[in-house]
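See structure below.
The values are calculated or read from the model by the stated rules, or taken from the named source; none is laboratory data. No experiment lies behind these values; they were computed from the predicted model shown. Quick reminder, even Gly has a Cβ in these numbers, built from the backbone with ideal geometry, and neighbours come from all protein chains shown. We work out accessible area using only protein heavy atoms, side chains counted, and drop any ligands, DNA or RNA first. Shrake-Rupley method; radii C 1.70, N 1.55, O 1.52, S 1.80 Å.
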Amino acid sequence: TDELRRVTQASYGIFSGPPKEWAVLRFTQHRAQWVEGELWHPQQMATREPDGSYLLKVPYSDDRELLGDILRYGADVQVLEPKELRAKVQKTLLDAV
């Protein structure tokens with residue numbers, strides 16, 4: 001039903017519920033060619049930037065799955081917003097080294 005879809009697909013990944021934030025991610029020109037063909041979320045907003053990078057915005061309610069997906073791109077992705085998500089990615093990468 002529409003109600004079920006609204007609840008389960010409002011946010012990124014397996015976590016349901018209304019989005020609390022929008023992640024704004026910038027992928028390098030090198031990685032953009034692959035990420036551009038992926039559907040991260042039905043309500044995502046994306047643009048190819050003049051420098052060839054790819055700007056992706058996705059809604060999320062819980063950052064756990066999103067964090068894992070961001071980390072798999074390593075230095076080919078930069079979290080621009082929100083600050084809290086950016087800080088979690090930074091801490092995770094620093095802890096890894």
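Among residues other than residue 68 with Cβ under 12 Å from its Cβ, the summed charge is -1 (Lys and Arg +1, Asp and Glu -1). Surface composition of region 32-94: carbon and sulfur atoms hold 52% of the protein heavy-atom accessible area at a 1.4 Å probe.
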